[in-house]
1. Residues 347, 367: which one is open to solvent by 40 Å² or more (accessible area, probe 1.4 Å) and either of a type in the set (Lys, Arg) or closer than 18 Å to residue 241 by Cα (or both)?
2. Which of the residues that make up segment 297-347 are closer than 19 Å to residue 281 by Cα, among the small types (Gly, Ala, Ser) and at pLDDT below 85?
3. Report whether or not residue 289 is within 28 Å of residue 113 (Cα to Cα) and surrounded by fewer than 16 Cβ atoms within 10 Å (Cβ to Cβ).
Amino acid sequence: MSEPHQSRLKNLPGVAPWLLSLGVNVALILVVGVGVAALLYVLRLAATITVPLIVAAVIAIIAHPLIKLGAKIKLPRPVSAVIVIVLVLGLVVGALVLTTNGVVSQGPAIGRQLISGTNDLGRYTKNKLVAVGIPRATVDRYVSQATATVTRSVNDLLLSGGGNSSSAASSGGISLGNISSGLTQVGSLLSGALGALFMLFLGILCLYYFLTDYDNIMGFIGRHLGVSGEVGDALVHDGARSLRGYFKSTTITAVVVAAVIGIALAIMKVPLVLPIVIVTFLTAYIPIFGALISGAFACLVALGGGGLQEALIVLLIVLVAQNVIQQLVVNFTMSKSLDLHPLATLVVTIVGSIFGGVLGMTLGAPVLSMALAANKRLQIARSGEEEGKDPDEIRAMITAPRPERKRVRIIRRRPKTD
């Protein structure tokens, strides 16, 4: 803003300068916020296209070191890309099979444990609330409603298929309503299957092009960031390295925390240890809420299997693993430049869940971390340009693991003695 405009804004009659400055800043924040929200809403409407594109971009950034490894051993880039895609598909199929065998196949047992644990928790809550003076009728009504809701939800998930078949059999025949309902369900299944296949095909195609043309795509993004080509290229690659570091640290942390919890629960002989370990590992990629979900799941299973005392011990184990041990692992594996304040993580996770569901919850924190890291590097680049440094030196400053600080040596002069 030029000097005449600034002087006119400062001298508006009846408006304090600080109030005017605050109003302008709030207006700009609102405009940017509305623009970002509108963009996220449009991306959500086009989820069939945007979700495979985003997932493929993230996987390509994470898997790019494998492409570089293939180039070192003289493999053509298309061949390396195909190998990476096969590896990714193998990991996804393996994770689905492991999850199915560990969680879905034990669905009835998990359901019984959850219902038993919920009922035990309800009885304990009733006794405590009555003991502090709350009328028993009120306690019975609300606690019974809560436990009945959980029990009904679990039963619906486990028995929805069987209930329909039994009711159809008891009716003694097939009606036009049953035929219409069956055709509707078949149509919905076919539509969902075709949509999933289309998204899978589009994701594989995007991933192939991202892997084979990674450098050109990154160069194109770097040239359109509003900075010089060298600075833009360095910022893009530094952001990609930050994203890889975030997911690497999260994966290592998830493995360690899930292993610690699994070993401790196996020693305690808590039932369904493998499903608890799988849920703990998978939900580790969802900041804050993932720990709450996995912890509540483990405690309810322990409550249904061994009572309140065992559930409290499991709660203590989960709290130690997901706070103390997790923080120790994060400190060793994650750079401080990628670490976010818990409040920022909570806000961005909630916003991501509103506009992007599970994918938004998973990617909200790493994208914010990458953006903040890029902003810090951009400030370093601008300071280097102001100091008149050459592009190679600025690039080295941006891609340094941590911004170098100038060390000031304090020289203490001893007083001269005669």
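The values are calculated or read from the model by the stated rules, or taken from the named source; none is laboratory data. Note that this is a predicted model, so its numbers are computed, not measured. No Cβ is skipped: glycine too gets one built from the backbone with ideal geometry, and neighbour counts run over all protein chains shown. With ligands, DNA and RNA removed, areas are computed over all heavy atoms of the protein, side chains included. Shrake-Rupley method; radii C 1.70, N 1.55, O 1.52, S 1.80 Å.
1. Working: 347 fails: either of a type in the set (Lys, Arg) or closer than 18 Å to residue 241 by Cα (or both).
Just a single option satisfies the conditions, and that option is 367.
2. Within segment 297-347, 302 is the sole residue that qualifies.
3. The answer is yes for residue 289.
Yes or no, residue by residue, for (1) part of a helix (DSSP H, G or I); (2) open to solvent by 80 Å² or more (accessible area, probe 1.4 Å); (3) touching a helix residue (DSSP H, G or I) at 6+ places or on another chain (Cβ under 7 Å):
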position	(1), (2), (3)
81	yes, no, yes
86	yes, yes, no
93	yes, yes, no
98	yes, yes, yes
109	yes, no, no
117	yes, no, yes
120	yes, no, yes
124	yes, yes, yes
142	yes, yes, no
